[in-house]
Every structure is written in C-alpha cells, then in structure tokens.
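Asks: Have a look at this one.
What follows is calculated from the coordinates using simple rules that are stated; it is not laboratory data. Note that the coordinates shown come from a computational prediction; the quantities given were computed from them, not determined experimentally. With ideal geometry, Cβ positions are generated from the backbone for all residues, glycine too; neighbour counts draw on all protein chains shown.
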Amino acid sequence: MKVLLRIGFLVLLGAFSVCAQNKELLYDFYEIPQALMLNPGVKTPQKWHVGVPLISGLSFQGATSGVTVNDLFANDGIDFTTKVQERLLDVMTRKDDFSTTSQIEGITVGFRGKNRPDDYYSFGMYGETDIIAYWPKDLAILAFEGNGGANLGRRFNLGDVNVRGEMINVFHFGINRKMGNDLTIGARAKLYSSVFQFQSIKNKGSFTTTQGQDNIYVSALDADLQLQTAGVRGFYDIVDEDTSTTQKDLTSLFTERVLLGGNLGLGFDAGFSYQLSPQTTLTASVLDVGFIYNSKDVWNYTLKGSASTEGITVYLPEDINNLNNDLWQELLDDIEADLPYGENTSGYISFRPVKAYGSIRYDFGEGGNSLMDNCGCGVNAGGGSNSDMYRNSVGGQLFMMKRPRGVQAALTGFYQRRFGRVLALKTTYTVDKYSFSNIGLGLNLQAGPVNFYVMGDNLLSYRNLADSHYLSLQFGFNIISWNDN
C-alpha cells in the first residue's frame, strides 16, 4: 500500500505541467533563439539575444496514443462498461502510452564572440519534467475481467508494468561555429541536477490461474519486479508529516535540488547545418546524450520469487474443531515466505531520453530584407549562399526519441513564409503514433529588438479537446540584437 501511495504522489507531482518533446515547429526556425536548443549547429543570424526570465521558452502538451477522454465519457448512450471493453481493453496494446513532458526556460543568453565573430556562445538554465507510463494491458484485463472463465489458464504478463519519470534542472553552455559559407556546427555541454527520478522498466513475471485439486482453482505467481526511486522519499516524508511548515519545507527542498543539491549527471548535444546548394540545406542534431547517477535519497522496492496457492482449504468434518485457527494469516505468511517483498537504498544510473532530429529544407522566392543586413556577423553575413534572402522554405523533418519500449518516431512536412524582417510563419503536418492529422502553425514576430513567438500543434483537435490524442502550445519572449544599433 505504501508503494502505491508513493507512486500516486509521483503522478501528482508530474501532473501540473505537460509539454511536447517533439518540437517540430521550432526546429530549424532559426529566427527564434530557442532553435539553438534543438540544434546547436543551427544558423545564428543574431548578434546577441537575452531571454525574458521564466517566459522565454515555455511548452505545454498532453498526449495519449490510445483512448481519449471523449471515448470513455461522451454522452453517446453507450454503457460505460461497454466503452471500457470495446474502446480500451480491446484496442489498446502494451506499446500504447500516456506521456507528459514539460520544459520551462529560466535563463537564456547568447552572444557572438568579439574576437571570433564566427562563434556564437549560449548558456542558460531550464527545468524539465518527463513522465511516461505504458498501458499495462494484461493487468488491466485481469482487473476488469478477473482470472476465471475465459481467462482460466491465461498467463498474465507482469512485464506490462512499465513506467518512468523524472524532474530535473539543466545548466548548459554551447558553442555554435560557422566553418564557412556552407557548414555550421555546434555542441552543448549539460549539467543535470535531479529533483526526483523513478522507474520501473525491467519487470518480468506472470500470474496464472488453473484448475485446482483441493480447491476449485490454483493461482501461481512468478514475479521479478522492481521500482527504483531517487529524490522521492524526501518529498513524500514532508507531505506525510503534514505540519505547519509543510509548504515551506517542500519549497526549500525543491530549491536545494534545483540548485545542484540533488543527484547530478552529465550530458551533451551536438548538431550541424550544411548547405548542399545555395537553396538546399541539410540539418541534423542529437540531444540529451547523458545520464544521472542517483545516489542520494534512494529508496528501491522489490518483489521477487514464486508462489502458488489454492487458497484456504478446510476438510469437513475433520477440521470442524480447528476453524478458530487464523488460517488466512497462515496463508499470507506462506505466500510472503515464497514471494518476499524487499526495500534497499542501492544507487543506480538513469539515462536521459536521447532525441534526434534531421531535416532537409529548400528555399525559394528571393525577397531581400535579410535579418543579416549589417549585423557584423563575420562569415555568417553576406555571400551568395545566404538563404535569408529567400521568402519561402519547404521541406521535411524526422524526429526520433529513445523510450523504454523502443524508438518513438515522427515525420513532418513543413512550409515557412517570411514577411520581411517583422513576421515569419511556419505550418507543419506531422504523422506519429499519436495522430495522423496533426497540423501545426507557428508565428514569429520581431518588433524592434523584442521577439515573440507562439506555436500550436494539432489545431484540428481544438474543435473537441476531450477527443484529442495530442495537444501542444509553445511561446516565449526574447530581446534580440541583429546589428550594431
């Protein structure tokens, strides 16, 4: 029971904010400084930029690859039990997931080197939450239908339990270098400070019920389950104490963890942009290749062993005088002996969810009014290969992300239109496991030195949010200098 309560507490911690991992609208939208976070080797036309603290980069999203709220709770005259059976149990698989991620940028600064104008340096800090829970198909069927009837003899897979989550703060420093008119490369180092982490991703075992001999049924459980947590117990204990200083204590612990007082880790990003021709650009990047060593506030839970039981057996009339014995407790003791529950504080390594992007872009429609006019940007300025003089861009993007049950991928087609130095629009069509009709729109507005951008995904779903598998919104404010003014 305590384990279940702790898991519930973790879910509540992560439920307050959600965001998109795949930021297809922002990727290679180089007029926006936050595009550097998706590709350290993206084109950097600005001289320097400063993000407005806490609102320079915010992203919010919710996603489910299976059932939606509308599927279960729509007023369509269908019995709820029937909906659960037909729209949940019969349709969802163990690869369907419910996932949330969030990223809130605290500080971001970028500037061009005074002595090396071909280099653009950036640094900052952001917070990120990432939680994913896969649908435990076999266990859901067991809970809904039971282990009798048609499920007699069925082997329910305990490995369907698969959940992972973390909240971290990231300190980063990156260098973007223009190698010539055709190639820009970049890399970013990251220092992770974990607020909390939990995972239960390598579970094995089964539960089976067959015909019994002494009783009607015999149930067999073979389990190798583990829940690893780091940084969770400290928060849980504060909430569990429920004193007059609970809120203050939670804030203090959270602040400590954010400012390098938690479990620490290292990682890096890398990327490039290469112009195949004056109008065709190829880009690629890999993000969050890194790990966190969890050694502080670690508390792990294990359940490992094998047990079988036919329940409480009473032979009549022989046992008529022994009915006062605590037969139920004896049964529990026997099961616990065969299937011991354990706790430990062993440290462990958690790996970041690695992400990769790639794109090809074709620019056309000469228009002038380049963002790079008079910027003093070294080899970044001028040259026949400067695609900023083109008003239109069209192309495709590929996104991949490592998840506990394999690689999650998305394919995007996009069109971008620039209106001088003031306005740029980007529209996308994305296909992934969450939606085959994801149309997105992004807007970037430059009013003097003030930059504002807003982006929304899956716009067609706004007609009925409860029936959507995917919702996303990104926005932010920056101060940008394009020239010496």
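Asks: Can you run the Rg to Rh ratio on segment 250-301? Use alpha carbon positions and the Kirkwood inverse-distance Rh.
Replies: On the way: Rg = 19.2 Å, Rh = 14.6 Å.
A ratio of 1.31.
Asks: Using Cβ contacts closer than 10 Å as the measure, can you line up His172, His49 from fewest to most?
Replies: Details: His172 21, His49 24.
Placing the least packed residue first, the sequence is His172, His49.
Asks: What is the distance, in nm, between label points placed 7 Å from the Cα along the Cα-to-Cβ direction at Leu398 and at Thr302?
Replies: Taking the two extended label points, one gets 4.1 nm.
Asks: In whole Hz, with x marking every Gly and Pro, tabulate ³J(HN,Hα) for segment 269-278 from phi via Karplus 6.51 cos²θ - 1.76 cosθ + 1.60, θ = phi - 60°.
Replies: Taking θ as phi minus 60°, the curve returns 10, 8, x, 8, 10, 9, 8, 5, 8, x Hz for segment 269-278.
Asks: Pulled fully out, how much extra length does the chain show between Arg463 and Asn151, if you take 0.36 nm times their separation in residues and subtract their Cα-Cα distance?
Replies: Working: separation 312, 0.36 × 312 = 112.32 nm, distance 4.03 nm.
Stretched out fully, the Arg463 to Asn151 stretch lengthens by 108.3 nm.
Asks: What ranking, highest mean first, results for peptides 275-284, 245-254, 51-60 when packing means the other Cβ atoms within 10 Å averaged over each residue? Don't jump to the answer; show the numbers that get you there.
Replies: Details: 275-284: 17.0, 245-254: 13.6, 51-60: 19.3.
Packing proxy ranking, top to bottom: 51-60, 275-284, 245-254.
Asks: To the nearest 20 debye, what is the magnitude of the charge dipole of segment 120-183 about its Cα centre, counting +1 on the Cβ of each Lys and Arg and -1 on the Cβ of each Asp and Glu?
Replies: Details: 6 positive and 7 negative charges, 30 e Å.
The calculated dipole for segment 120-183 is roughly 140 debye.
Asks: Taking loop as defined by DSSP and a crowding limit of 13 other beta carbons within 10 Å, which trypsin sites (Lys or Arg not before Pro) in segment 104-171 fit?
Replies: Numbers: sites: Arg112, Lys114, Lys137, Arg154, Arg155, Arg164; in loops: Lys114, Arg154.
Counting only loop positions with at most 13 other Cβ atoms within 10 Å, the trypsin sites (Lys or Arg not before Pro) in segment 104-171 are Lys114.
Asks: For the pair Val239 and Lys433, what calculated FRET efficiency results from E = 1/(1 + (r/R0)^6), where r is the Cβ-Cβ distance and R0 = 45 Å, to the nearest 0.05?
Replies: Values: r = 35 Å, r/R0 = 0.77.
Efficiency computed from Cβ-Cβ geometry: 0.85.
Asks: Then there's this: Percentage of Cα-Cα pair distances in segment 383-443 greater than 18 Å, rounded to whole percent?
Replies: Details: 897 of 1830 pairs.
Of all Cα-Cα pairs in segment 383-443, 49 percent lie more than 18 Å apart.
Asks: Can you give the FRET efficiency for Gln279 and Phe98, using 1/(1 + (r/R0)^6), R0 = 45 Å, r = Cβ-Cβ distance, to the nearest 0.05?
Replies: Rounded to the nearest 0.05, the efficiency is 0.60.
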